[in-house]
Amino acid sequence: MDRARTAYRHWRYERDADGLVWLTFDKAGESANTFSREALAELSAALDEIAAAAPRGLVIRSAKENFIAGADVEEFTRFRTHEEALEFVRLGWDVLAKLRALPFPTTAMVNGFCMGGGLELALACRYRVALDDPKTRFAFPEVMLGILPAWHGVQWLPPLVGPAAAFDMLLTGRAVDARRAKKIGLVTETVPLRILENTARLVTLEAPPPRRLSLPDRLMLGPLKGLVVAQARKRVAKRARREHYPAPYAILALWKKYGGDPFANPEDPECSIRMLFEHPTTKNLIRLFFLQERLKSFGKGSAFAARHVHVVGAGVMGGDIAALCALRGLAVTLQDTSAERIAQALARAAKLFSRRLRDVRRERDAMDRLIPDVAGAGARRADLVIEAIYEDLQAKQALFAKLEAEAKPGALLATNTSSLRLADIAKALRDPARLVGIHFFNPVPQMMLVEVVAGDRTDPALAQRACGFVRQLDKLPLPVKDAPGFLVNRVLGPYLQNAFRMLDEGTKPETIDAAMEAFGMPMGPMELADTVGLDICLHAGRSLAKRTGGAEPEPPQALANKVALGHLGRKSGQGIYRWADGKPVKGRPEAYGPDLVEALIEPYLAEAQAVLAEGIVADADLVDAGLVFGSGFAPFRGGPLHYLAEKRK
């Protein structure tokens, strides 16, 4: 092999003057690098050629914006038999084992996302040099698809970083940034872009000795292995039932029994690839993966990119929206009539930045981007103005009349309303086409879904811009029509009201919550109501009843009484439950049967069907996506309408 570039369809390599080979992954016809059968086969052939040339070392890099996003999930949808799935897994296993066995130093030069099979390729290398950038992220998201990292991930990660750090990634799908990766020993070096390539070269040429694990980590890999697995299983059981989500339990069993090798006993029912691929949870989670990709696609096609956002209203929602924008690198002005509310919002933002960024300089920069603005001068400079004040139609109309006069002609005017119709708010505007709904959910930093609401007179191009803005924030935009409660609140309203009626009839709140958690909800309706705020639940119930044309019903007595006493839920420390350290204090639930579960979920399912019938969301798949990502409907069931369809088969 000489210094000339050698190319396959997806890979190319060249040898430099130092005797290093640079192998570049550039998947043909795709914006991201993912492993297909063809890409894996080409990698195998390239490694054979490189090994035969005996270079001083090998550096693997990406020609894309990100390193490698993992295996091509489309491959999973084409498997007709378990044998085909196992064959694909074996191909990846063998190719990465070949890379690991090369007799010279190997380095993965990582930029951007390094996920799943991409991280396993990086682990197959002796060294990993990462770009020091917030966008550089390492993760094993397989567990979120109902499968496990079967290309040596379970085998290689624990001995590298220790079992505690390894299972924090393997069992949750949680990503770590470059600096955290360096701290736990996953990455050899983290450096800025200007020296990334040179650092990869030097590390490969110098071939430093491997990092040695601490004594506690070595004990957990050996004599304490059983204890580690037992404790990890207990933590998993608090979040996920084995019958609903078998993958994390399979990961632990595979590591304990076979050191992470899925081929040591491929028919073991506790951790076999067959069991996972044939489990309905896997099919439904892969379905949700593609629905998530569809939501992301709504943000494409718009050239709009906000640089300055002006938020009006520094309450919990408005303040957190402003903080999220600043976290994502946008300049933000935050307006409120109360300087005290702005100060509280800034304090919450500082905690968010500390939690997410974990770097004093980045935290300072984010705080510098978040500017208090009592006078509202920022509205005149902003590319996007978001209103997030209290749910009062006259107040919103008056505010938008003022904002329309002040904002730039091309600025997007958006409301975060959760229960008012855009058509009513837009009556105050000279040009109602400018108004769009951008409805976030609480807590804003955690909830992925954002409803993008188009009224009858909203300019479709502006709704598309709003979707693009949501993607700027790394959230999932869902286009919905202007209707009371839109999608998520429209469905949650009857669900919560029904739960409160059962509470009035004497069912314990703990029993109600336990029944819905057993169904698969991340939290029961009583805890959800406390989290949202009981005053908001009361107001939303009344508003939705009025706007859907029904007579205003008497509110559930327990809900009305709690609000009258000022027991508003988590934010006041007392609601249906007493809250301590951000968690509800619950008693023991009573025994219940399937009839209670059916009675609790029935209004939710009925309303989801009604929303589809009324055309508020385009199709059943988007109803499912919105309710999984916006309300937490049991992901392993694939969405409420999918669940109903499966029940009727």
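Yes or no: the range 242-262 includes at least one residue that is surrounded by 15 or more Cβ atoms within 10 Å (Cβ to Cβ), without any contact (Cβ under 8 Å) to a residue 40 or more places away in the chain and among the charged types (D, E, K, R).
yes
Conditions tested, residue by residue: (1) within 30 Å of HIS82 (Cβ to Cβ); (2) in contact with an Asp or Glu (Cβ under 9 Å, 6 or more places away or on another chain).
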site: ASP217; (1), (2): no, no
site: LEU221; (1), (2): no, no
site: VAL229; (1), (2): yes, no
site: PRO248; (1), (2): yes, no
site: ALA253; (1), (2): yes, yes
site: LYS256; (1), (2): yes, no
site: ASN265; (1), (2): yes, no
site: MET275; (1), (2): yes, yes
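In the range 603-649, what residues are part of a helix (DSSP H, G or I), open to solvent by 10 Å² or more (accessible area, probe 1.4 Å) and in contact with a Pro (Cβ under 6 Å, 6 or more places away or on another chain)?
PRO603, LEU605, GLU607, VAL628
Given the condition open to solvent by less than 10 Å² (accessible area, probe 1.4 Å) and over 21 Å from THR282 (Cβ atoms), answer yes or no: does some residue in the range 146-156 qualify?
For the range 146-156, residues open to solvent by less than 10 Å² (accessible area, probe 1.4 Å) and over 21 Å from THR282 (Cβ atoms): absent.
Restricted to the range 553-580, and to residues that are assigned to a helix (DSSP H, G or I) and over 29 Å from the mean Cα position of the chain (by Cα), which residue is surrounded by the fewest Cβ atoms within 10 Å (Cβ to Cβ)?
Out of the qualifying residues, it is ALA564.
Looking only at the range 63-81, which residues are out of contact with any Gly (no Cβ under 7 Å at 6 or more places or on another chain) and either aromatic (Phe, Trp, Tyr) or open to solvent by 20 Å² or more (accessible area, probe 1.4 Å) (or both)?
Matches in the range 63-81: ALA63, LYS64, ASP72, GLU74, PHE76, THR77, ARG78, PHE79, ARG80, THR81.
Looking at ARG364, ARG356, can you tell me which residue is under 24 Å from the mean Cα position of the chain (by Cα) and open to solvent by 70 Å² or more (accessible area, probe 1.4 Å)?
Exactly one of ARG364, ARG356 is under 24 Å from the mean Cα position of the chain (by Cα) and open to solvent by 70 Å² or more (accessible area, probe 1.4 Å), namely ARG356.
Name the residues in the range 127-170 that are basic (Lys, Arg) and touching a Gly at 6+ places or on another chain (Cβ under 9 Å), would you?
Result: LYS135, ARG137.
Which of (1) of a type in the set (Asp, Glu); (2) at pLDDT 95 or above; (3) not in a loop (DSSP other than H, G, I, E, B) is the odd one out, the single condition ASP261 does not satisfy?
That leaves (3) as the condition not met.
When the residues of the range 129-145 are filtered to those that are open to solvent by less than 10 Å² (accessible area, probe 1.4 Å) and touching a residue at least 40 places away in the same chain (Cβ under 8 Å), which remaining residue is farthest from GLY329 (Cα to Cα)? Show your work before the answer.
First, pick out the residues of the range 129-145 that are open to solvent by less than 10 Å² (accessible area, probe 1.4 Å): 129-130, 136, 138-140.
Those still in the list that are touching a residue at least 40 places away in the same chain (Cβ under 8 Å) too: 129-130, 136, 138.
Details: VAL129: 25, ALA130: 21, THR136: 15, PHE138: 21 Å.
Looking at the filtered set, the residue picked out is VAL129.
Can you confirm whether LYS475 is surrounded by 20 or more Cβ atoms within 10 Å (Cβ to Cβ) and of a type in the set (D, E, K, R)?
Values: surrounded by 20 or more Cβ atoms within 10 Å (Cβ to Cβ): yes; of a type in the set (D, E, K, R): yes.
Yes; evaluated as a whole, the condition is true for this residue.
Being touching an Asp or Glu at 6+ places or on another chain (Cβ under 8 Å) and crowded, with 24+ Cβ neighbours inside 10 Å is the filter; apply it to the range 93-127 and report the residue that is farthest from VAL59 (Cα to Cα).
Taking the candidates together, the pick is GLY116.
Could you say which residue among ALA165, ALA175 is among the small types (Gly, Ala, Ser), open to solvent by 10 Å² or more (accessible area, probe 1.4 Å) and under 25 Å from LEU288 (Cβ atoms)?
The unique qualifying residue is ALA175.
Tell me which residues, restricted to the range 445-461, are surrounded by fewer than 21 Cβ atoms within 10 Å (Cβ to Cβ) and either more than 21 Å from SER418 (Cβ to Cβ) or touching a residue at least 40 places away in the same chain (Cβ under 8 Å) (or both).
The answer is PRO445, MET447, MET448, ASP459, PRO460, ALA461.
Return the residues of the range 398-419 that are surrounded by fewer than 19 Cβ atoms within 10 Å (Cβ to Cβ) and either touching a residue at least 40 places away in the same chain (Cβ under 8 Å) or in contact with a helix residue (DSSP H, G or I) (Cβ under 6 Å, 6 or more places away or on another chain) (or both); say none if nothing qualifies.
ALA401, GLU406, listed by residue number.
Within the range 420-439, does at least one residue satisfy the condition of being closer than 22 Å to GLY626 by Cα, open to solvent by 40 Å² or more (accessible area, probe 1.4 Å), of a type outside the set (Lys, Arg) and in contact (Cβ under 8 Å) with a residue 24 or more places away in the chain?
The answer is no, given that none of the residues of the range 420-439 is closer than 22 Å to GLY626 by Cα, open to solvent by 40 Å² or more (accessible area, probe 1.4 Å), of a type outside the set (Lys, Arg) and in contact (Cβ under 8 Å) with a residue 24 or more places away in the chain.
Among the residues of the range 263-279 satisfying the criterion of being without any contact (Cβ under 8 Å) to a residue 60 or more places away in the chain and open to solvent by 50 Å² or more (accessible area, probe 1.4 Å), which is farthest from ALA620 (Cα to Cα)?
ALA264
Would you confirm, using the coordinates I've provided, whether LYS583 is free of Cβ contacts under 8 Å to residues at least 40 places away in the same chain, open to solvent by less than 70 Å² (accessible area, probe 1.4 Å), under 25 Å from LYS508 (Cβ atoms) and out of contact with any Pro (no Cβ under 6 Å at 6 or more places or on another chain)?
Taking the combined requirement at face value, the residue does not satisfy it.
Output the qualifying pairs, or none if there are none: Cβ atoms under 7 angstrom, residues six or more apart or on different chains, first residue in the range 374-397 and touching a residue at least 40 places away in the same chain (Cβ under 8 Å), second residue basic (Lys, Arg) and open to solvent by 50 Å² or more (accessible area, probe 1.4 Å).
Listed by first residue and then by second, the contacts come to ASP383/ARG307.
If only one of MET521, MET526 is open to solvent by less than 20 Å² (accessible area, probe 1.4 Å), part of a loop (DSSP other than H, G, I, E, B) and more than 27 Å from LEU422 (Cβ to Cβ), which one is it?
The unique qualifying residue is MET521.
Given the structure, is GLN344 touching a residue at least 40 places away in the same chain (Cβ under 8 Å) and closer than 22 Å to LEU473 by Cβ?
no
If you check LEU221, LEU215, which single one turns out to be closer than 30 Å to GLU189 by Cα, open to solvent by 40 Å² or more (accessible area, probe 1.4 Å) and touching a helix residue (DSSP H, G or I) at 6+ places or on another chain (Cβ under 7 Å)?
After ruling out the rest, the residue left standing is LEU221.
Working only within the range 225-241, note down all residues that are farther than 28 Å from LEU285 by Cβ and either open to solvent by less than 70 Å² (accessible area, probe 1.4 Å) or touching a Pro at 6+ places or on another chain (Cβ under 8 Å) (or both).
Hits for the range 225-241 are LYS225, GLY226.
Could you list all residues from the range 148-206 that are free of Cβ contacts under 8 Å to residues at least 12 places away in the same chain and basic (Lys, Arg)? Give the derivation first.
First, the residues of the range 148-206 that are free of Cβ contacts under 8 Å to residues at least 12 places away in the same chain: 166, 168, 183, 194-195, 198, 202, 206.
Listed by number, the residues that qualify are LYS183, ARG194.
Being open to solvent by 20 Å² or more (accessible area, probe 1.4 Å) and farther than 21 Å from GLN609 by Cβ is the filter here; which residues of the range 492-513 pass it?
The answer is MET502, LEU503, ASP504, GLU505, GLY506, THR507, LYS508, PRO509, GLU510.
The values are calculated or read from the model by the stated rules, or taken from the named source; none is laboratory data. Just so it is clear, the model here is predicted, and its values are computed rather than measured. Reconstructed Cβ throughout: ideal geometry from the backbone, glycine too, with neighbour counts over all protein chains shown. The accessibility values were calculated without ligands, DNA or RNA, using every heavy atom of the protein model including side chains. Shrake-Rupley method; radii C 1.70, N 1.55, O 1.52, S 1.80 Å.
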